[in-house]
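Colleague: Let me begin by handing over the structure; questions about it come next.
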Amino acid sequence: MSVAYRFLEANPAKDSNSLHPFVDGWSHHATTDNMFRSVSFPDMAVNASSSGVLLVEGDFTTVFHAEKASATRRSKGAAAGPATVESAESFDGVVTHFFIDTARNLMAYLDTIYALLRPGGYWVNFGPLLYGTGPWVQLSLDEVVRVVKAMGFEFVPVPDECGDVTLEGELVRGRTAVYGFDERALTRNAYQAQTWAARKLAH
């Protein structure tokens, strides 16, 4: 992801580059031309410097927990320590996009999200629960919902466009999200990605 971000930042003009993303896959092509065709990118001009996007490299929990500890030191009058990103409870919103299932320790991700949000701040999620290599815990969706509520979040409605309700009685919706997508291929790969919005309650 870091390489892709840096490449787009250095090559921001619309359709300024092209590649052949389907050439190494020999299956599920209707024609040979489809397999060899090129795709141009980016599909829109990229202006990272004025968009407010900030690339923070490193482990999500480590980078932000380091700053949380630094904020604690500052509140006690001690030296702040090395500068990092933002202090605890400094964000109005956190968006996780195809992200939470990358955690080795999902609970650490949830703790970090909670710590970063101001009371009343929102966490918006979209993605599957395809846990990666060597996760410490693999919660089902209903377990994720119960844990998030117990932490002090309140789920809020999301638009119907986010898909059908996944869990009866809960404000979580799922919709098909394709990946490795070739609209001309003879097959499709997809997740039933989950969407929710949760508000951090006051302490």
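Colleague: Do we find that GLY25 is at positive phi and either modelled with pLDDT of 80 or more or not hydroxyl-bearing (Ser, Thr, Tyr) (or both) in this structure?
Modeller: When the stated conditions are applied, GLY25 does not pass them.
Colleague: Of the residues ARG173, ARG199, only one is of a type in the set (Lys, Arg), without any contact (Cβ under 8 Å) to a residue 60 or more places away in the chain and touching a strand residue (DSSP E or B) at 6+ places or on another chain (Cβ under 9 Å); which? Lay out the reasoning, then the answer.
Modeller: Numbers: ARG199 fails: without any contact (Cβ under 8 Å) to a residue 60 or more places away in the chain.
That would be ARG173, the only listed residue that is of a type in the set (Lys, Arg), without any contact (Cβ under 8 Å) to a residue 60 or more places away in the chain and touching a strand residue (DSSP E or B) at 6+ places or on another chain (Cβ under 9 Å).
Colleague: So, in segment 97-154, exactly how many residues are over 20 Å from HIS203 (Cβ atoms), of a type in the set (Val, Ile, Thr) and crowded, with 17+ Cβ neighbours inside 10 Å? Explain how you work it out, then say what you get.
Modeller: If we filter segment 97-154 for residues that are over 20 Å from HIS203 (Cβ atoms), which is where we start, we get 97-106, 108-109, 124-146.
Retained after the next criterion (residues that are of a type in the set (Val, Ile, Thr)): 100, 102, 124, 133, 137, 144-145.
From what's left, crowded, with 17+ Cβ neighbours inside 10 Å: 100, 144-145.
Qualifying residue count for the region: 3.
Per-residue answers, yes or no, for (1) in a helix (DSSP H, G or I); (2) more than 18 Å from the chain's Cα centre (by Cα):
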position	(1), (2)
MET107	yes, no
TYR114	yes, no
GLY120	no, yes
VAL124	no, no
LEU130	no, no
LEU139	no, no
VAL148	yes, no
VAL158	no, no
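Colleague: Which pairs do you get when a residue that is more than 22 Å from LEU117 (Cβ to Cβ), found in segment 133-148, comes within reach of a residue that is among the hydroxyl-bearing types (Ser, Thr, Tyr) and at pLDDT below 95, reach meaning Cβ atoms under 8 angstrom, with the pair 6+ apart or on two chains?
Modeller: The qualifying pairs are GLN138/TYR131.
Colleague: Next question. Need pairs with beta-carbon distance below 9 Å; first residue closer than 15 Å to ASP182 by Cα and within segment 1-28, second loosely packed, with under 12 Cβ neighbours inside 10 Å and among the aliphatic types (A, V, I, L, M); sequence gap 6+ or separate chains.
Modeller: Once the first residue is closer than 15 Å to ASP182 by Cα and sits in segment 1-28, its partners that are loosely packed, with under 12 Cβ neighbours inside 10 Å and among the aliphatic types (A, V, I, L, M) give SER27/LEU186; HIS28/LEU186.
Colleague: Residue under question is GLU89, and the condition is that it be within 22 Å of GLY58 (Cα to Cα), in contact with a strand residue (DSSP E or B) (Cβ under 7 Å, 6 or more places away or on another chain), free of Cβ contacts under 8 Å to residues at least 60 places away in the same chain and not in a helix (DSSP H, G or I); does it hold?
Modeller: On the way: within 22 Å of GLY58 (Cα to Cα): yes; in contact with a strand residue (DSSP E or B) (Cβ under 7 Å, 6 or more places away or on another chain): yes; free of Cβ contacts under 8 Å to residues at least 60 places away in the same chain: yes; not in a helix (DSSP H, G or I): yes.
In short, yes.
Colleague: Okay, moving on. In segment 78-100, which residues are at pLDDT 50 or above and more than 22 Å from ASN125 (Cβ to Cβ)? Please lay out each step first, then the result.
Modeller: First, the residues of segment 78-100 that are at pLDDT 50 or above: 86-100.
Answer for segment 78-100, where residues must be at pLDDT 50 or above and more than 22 Å from ASN125 (Cβ to Cβ): just SER87.
Colleague: I'd like the full set of residues that are hydroxyl-bearing (Ser, Thr, Tyr) and either at pLDDT 75 or above or closer than 22 Å to LEU19 by Cα (or both), limited to segment 38-65.
Modeller: First, the residues of segment 38-65 that are hydroxyl-bearing (Ser, Thr, Tyr): 38, 40, 49-51, 61-62.
Once the filter is applied, which keeps residues that are hydroxyl-bearing (Ser, Thr, Tyr) and either at pLDDT 75 or above or closer than 22 Å to LEU19 by Cα (or both), segment 38-65 yields SER38, SER40, THR61, THR62.
Colleague: Restricting attention to segment 176-188, which residues are more than 16 Å from ASP101 (Cβ to Cβ) and either under 17 Å from the mean Cα position of the chain (by Cα) or loosely packed, with under 13 Cβ neighbours inside 10 Å (or both)? Give the derivation first.
Modeller: Initial filter on segment 176-188 (more than 16 Å from ASP101 (Cβ to Cβ)): 176, 178, 180-188.
Those that are more than 16 Å from ASP101 (Cβ to Cβ) and either under 17 Å from the mean Cα position of the chain (by Cα) or loosely packed, with under 13 Cβ neighbours inside 10 Å (or both): THR176, VAL178, GLY180, PHE181, GLU183, LEU186, THR187.
Colleague: Could I ask something else about it? Would you confirm, using the coordinates I've provided, whether ASP164 is crowded, with 19+ Cβ neighbours inside 10 Å and more than 21 Å from LEU110 (Cβ to Cβ)?
Modeller: No: the conditions fail for ASP164.
The values are calculated or read from the model by the stated rules, or taken from the named source; none is laboratory data. Predicted, not measured: the structure shown is a model, and the values here were computed from it. Methodologically, a virtual Cβ is constructed for each residue, glycine included, from the backbone with ideal geometry; neighbour enumeration extends over all protein chains shown.
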